[in-house]
Amino acid sequence: MSTRLPLRYGRLSIGLHWLMLLLIAAVYACIELKGNFPKGSETRELLKHWHFMLGLAVFALVWLRLLARLIGPTLPSDANAPRWERIPARLMHLALYALMIGLPLLGWALLSAAGKPTPFFGLELPPLLPADRALAGQLKTVHEFLGQAGYWLIGLHAAAALYHHYLRRDDVLQRMLPQRHPS
């Protein structure tokens, strides 16, 4: 008996992929918009607060996403793709997962080292580290650098999906798009 591999990711994986995109876009939007408001202003503080909470929501959901990836449908890799495409694609996915885990953890550690509370939708998370202003400065530098790298990784990921769809004309993008149901 032959087992047929699915041609699409499971609904949970697809839904989490697009939800994570929206959350990550909101995380970036909050931190970018923050700079438009004076220090100490209510709007600036609110944007920082939402940046923290949405970043931690990404951290929480990435574990569900990894679980869905482990238990969900396994798609065949594109054996027809040249090796120069397959290896960077795998590295890109690893880097994106590392950012979805590492950036929120760094942010939480940064707040802890700065001696600030870590808000999470009505909760205050326990500090990961004792207060240490010098360490907080170092963590902020790393957090901001990786945040900037995230723009590039996300852009390259999107460009690769468009490359597959419009130039290679394969189903790589289609496998992650929500299914349309006939009306």
Original post:
Arg168 to Lys140: extension gain in nm, 0.36 nm per residue of separation minus the Cα-Cα distance?
Top reply: 6.1 nm
Subject >> Average accessible surface area per residue within the chain, 1.4 Å rolling probe, Å² >> reply: 67 Å²
**OP:** Set the Förster distance to 45 Å, then compute FRET efficiency between Arg90 and Leu46 from the Cβ-Cβ distance, nearest 0.05.
**Re:** 0.70
Original post:
What is the gain in length, in nm to one decimal, between Trp63 and Leu7 on full extension, counting 0.36 nm per residue of separation less the C-alpha to C-alpha distance?
Top reply: 17.8 nm
Original post:
So for the pair Ile101, Tyr151, with labels modelled 7 Å out along Cα→Cβ, what separation do we get in nm?
Top reply: 2.6 nm
Subject >> Percent accessible area from carbon and sulfur atoms, the chain, protein chains only, probe 1.4 Å >> reply: 67 percent
**OP:** Return the Rg/Rh value of region 85-133, two decimal places, where both radii are evaluated on C-alpha atoms and Rh is the Kirkwood radius.
**Re:** 1.21
**OP:** Go through (i) 14.8; (ii) 12.1; (iii) 10.5 and flag the label whose value is the computed mean projected area of the Cα convex hull in nm² for this structure.
**Re:** (i)
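So if I place +1 on the C-beta of Lys and Arg and -1 on the C-beta of Asp and Glu, and nothing else carries charge, what would the dipole magnitude of region 36-183 be about its Cα centre? I want it in debye, nearest 20.
Values: 15 positive and 9 negative charges, 47 e Å.
Around 220 debye, computed over region 36-183.
Pick out, in residue order, every one of the chymotrypsin sites (Phe, Trp or Tyr not before Pro) in region 45-143 that is DSSP loop and has at most 11 other C-beta atoms within 10 Å; say none if there are none.
Listed in order of number, the matching sites are Phe121.
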Original post:
Between Arg175 and Leu19, what length in nm is gained on full extension when 0.36 nm per residue of separation is reduced by their alpha carbon distance?
Top reply: 54.6 nm
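The values are calculated or read from the model by the stated rules, or taken from the named source; none is laboratory data. The structure presented is a predicted model; accordingly, all values stated were derived computationally and were not measured. Virtual Cβ from ideal backbone geometry, glycine too; neighbours counted across all protein chains shown. Just so you know, the surface numbers come from the protein's heavy atoms only, side chains and all, with ligands and any DNA or RNA stripped out. Shrake-Rupley method; radii C 1.70, N 1.55, O 1.52, S 1.80 Å.
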